[in-house]
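So that we are looking at the same thing, I have put the structure below in structure tokens.
Every number here is computed from the coordinates shown, using simple stated rules; none is lab data. Predicted model only: the values in this text are computed from it and were never measured. Don't worry about glycine lacking a Cβ; one is built from the backbone with ideal geometry, like all the others, and counts go over all protein chains shown.
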Amino acid sequence: MFDLGWQEFLIISLVLLVVIGPKELPVALNWFFNSIKKIKKMASEFISGLESIGDENDIDGIKKSIKKIKDINFGTEIKEDVMKIKKIITDDDK
């Protein structure tokens, strides 16, 4: 993500040491890394929430498809198709 070499890291460390001071530096770093962990956790929860919403939409679509299949009366459909085929055959014989 960030391309930091040892020179940049050394400069950042020295600036932090001068600005924050040696006493407060461990506390500040601890706060910083804890904040990063919290942000990563929140982002992870957000992403998993979006994925679960997507999964629920997929499940709803599958439920609708199954309901459509259940509502189809295959006996009637087959009878209608057989009648159409018989009609085509009898029309061809004439």
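Treating region 22-93 as a set of equal point scatterers at the Cα positions, no solvent, please give the Debye-formula log₁₀ I(q)/I(0) at q = 0.15, 0.19, 0.26 Å⁻¹.
Log10 of I(q)/I(0), two decimals: -0.77, -0.88, -1.05.
Determine the dipole magnitude for region 13-94: charges of +1 sit on the beta-carbon of Lys and Arg, -1 on that of Asp and Glu, nothing else is charged, the reference point is the Cα centre, and the result goes in debye to the nearest 20.
320 debye
Hey, with R₀ at 25 Å, roughly what FRET efficiency would Ile39 and Leu17 work out to, going by the Cβ-Cβ distance, to 0.05?
0.50
Oh, and also: Which value in nm describes the separation of the simple spin-label points at Met83 and Ser65, placed 7 Å from the Cα toward the beta carbon?
Here the answer is 3.1 nm between the modelled labels.
Based on the mean of other Cβ atoms within 10 Å per residue, sort peptides 67-76, 15-24 so the most packed one is first.
15-24, 67-76
What is the angle, in °, between the Cα long axis of helix 6-20 and the longest principal axis of the Cα atoms in the chain? Nearest 10 is fine, range 0 to 90.
Once rounded, the angle reads 60 degrees.
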